Amino acid sequence: MAGSGGHIGELYCLNEIDAETTKCMTSDAQQLRGNYFSHQLCSYCGCIQIHYDPADALKVHYGQDYDLADVVQNNLVVQQGVAQTKKQQLNTRLFGAIDRLTEVPGRVLEIACGRGSLISAISAAFPNCECVGIDPSPDLPASTTYLTFIQDFFDAQALPSGKYDLVICHGFLNRSPTLVELKKIHSLMNSHGLLSVEIMVLEDSPHTPRVWDHSHMFTESVFCQWLAMTGFTVIDTNSNGTTVHLLAQLSEKSKQSFPITGELIDSTRKIFATQLKYWQEVFSSFEDIARHNDDYLIFGAGMFSGIILGSVGTEKFSAVVDEVCRGTEFFKLPVIDLQEAAERGGTVLVCSRSHYLPVILEKIETIGLKAIVLGR
Ligand SMILES: [Zn+2]
């Protein structure tokens, strides 16, 4: 069996890892334990899926170790010089879309609602609306009359019966069989229903080959075809640099059908290969650097630094430089701000998304320290 739809498709192995000997990191900077993991590209649906051995490795992680803290899940997004958290951006757009609806939504479902802050805000804004949030987290708030929380993975059986006018699905579809979930979501919605999805797309996710909890990755083009095939029309799209937020309405199913074109499969394969090569370069440049006995700092208490520190260990580093997280620890290293970094001195290693690099390098230059970009 292969592919997001549980159909038979030809699988190309893009990357495989002996997870017993190689540390496999997750997006919340933890180690995912297992025997053997691989990235497989399905030639039928165009999805890159991670295959886990043992098969429940990811489920075990979500049930026990997954970090819902805002500092991990809610990164700052800087657009046109204005810094907002990712969630502020998403919520503003979503509330704008609700305001444009001709009718106030009567029933709203949020899948993977985390600690329930968004669905609680919707419930507060629309007091007569019946709201449901579902999430496997043990940190769910208590239910009230109009707001029900269900501790579970997304399961239609677990939900109150009836159709929904608005379904919110932020940060979930890269973690579950995407196409299967889209079909399930479609079946739960009213004919005029609105879907709000936030996804990571392969082309904006250079970490893909090194992060093992995003079990389903795909390009934006492939995802939009899946939406059309499932019966959704995209009405609005916004990229915030790390994720894409799409608003879609129920529509007729598109005439397009599977398989996804060879062109899209090829482009998916090429993007992944480029990313794999990028990380090889990151680690080989680190090996060169590690031969010197300088004092090193690493920039950013985020996913890229997490991949590096999780893989190579912390011996070479004295601290992590991060303005937002200063005063905390990251991989047991102290997190310091630029001021303290300037006082400490040392060379700052930088590994980040290419469009963030100019700003980061400028900051380091301002405090008079030397920066080395890994993987470039
Ligand atoms: Zn497939």
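Every number here is computed from the coordinates shown, using simple stated rules; none is lab data. Since the structure is predicted, the reported quantities are computational estimates derived from the model, not experimental observations. FYI the Cβ positions are ideal-geometry reconstructions off the backbone, even for glycines, and counts take in every protein chain you see.
Close amide H pairs (under 5 Å, H built 1.01 Å from N) link residue 133 with 110, 148, 149, 150, residues at least 5 positions away or on another chain. A cut-off under 9 angstrom between Cβ atoms defines the neighbours of residue 204, and their net charge, with Lys, Arg +1 and Asp, Glu -1, is -1. Each of the GluC sites (Glu not before Pro) that DSSP puts in a loop and that has at most 15 other Cβ atoms within 10 Å breaks the chain; the longest unbroken stretch is 104-251. Backbone amide hydrogens, once placed in the peptide plane, bring residue 371 within less than 5 Å of 348, excluding anything fewer than 5 places away on its chain. Enter the Cα centre distance for the pair the range 300-322 and the range 107-146, rounded to the nearest angstrom. Spelled out, the Cα-based centre of one part sits 35 Å from the other.
Would you mind checking the pairs 86/184; 87/255; 86/255; 23/59 and listing those with alpha carbons more than 29 angstrom apart? Result: 87/255; 86/255 exceed 29 Å.
Run the numbers for residue 343 and residue 254: contour at 0.36 nm per residue of separation, minus the present Cα-Cα distance, in nm.
Going from the current span to full extension adds 26.0 nm.
Within the range 192-345, the percentage of alpha carbon pairs spaced more than 18 angstrom apart rounds to 68%. Between residue 290 and residue 23, full extension at 0.36 nm per residue minus the direct alpha carbon distance yields a gain of 94.2 nm. Summarising the amide proton neighbourhood of residue 14: residues at separation of 5 or more, or on other chains, whose placed amide H is nearer than 5 Å comprise 39, 40, 41. The sum of -39500 (n - 2.57) across all DSSP H runs of n ≥ 4, divided by the residue count of the chain, sets its helix-only mean residue ellipticity at 222 nm to -9000 deg cm²/dmol.
P(r) for the range 293-373, from all Cα pairs and a bin width of 5 Å, is 3, 17, 31, 28, 17, 4 %, short bins first. Sorted from greatest to least, the principal axis extents spanned by the alpha carbons of the range 70-253 come out as 43, 38, 31 Å.
With a simple spin-label model that places each label point 7 Å from the Cα along the Cα-to-Cβ direction, the separation between residue 85 and residue 355 comes to 2.2 nm. Each label point was placed 7 Å from the Cα along the Cα-to-Cβ direction; for residue 13 and residue 92 their separation is 4.7 nm. In summary, the lysines within cross-link reach of residue 370, defined as a Cα separation below 27 angstrom excluding same-chain residues under 8 places away, comprise 277, 316, 332. Per-residue 3J(HN,Hα) values for the range 100-117, derived from phi via the Karplus relation 6.51 cos²θ - 1.76 cosθ + 1.60 with θ = phi - 60°, read 7, 5, 6, 10, 5, x, x, 9, 10, 10, 10, 8, 6, 7, x, 8, x, 5 Hz in sequence order (x marks Gly and Pro).
The gain in end-to-end length when the residue 121 to residue 314 segment is fully stretched comes to 65.5 nm, 0.36 nm per residue minus the alpha carbon separation.
Taken over the chain, the alpha-carbon convex hull comes to 141 cubic angstrom per residue.
Overall size of the range 149-188 from C-alpha positions, given as principal axis extents largest first: 25, 21, 16 Å.
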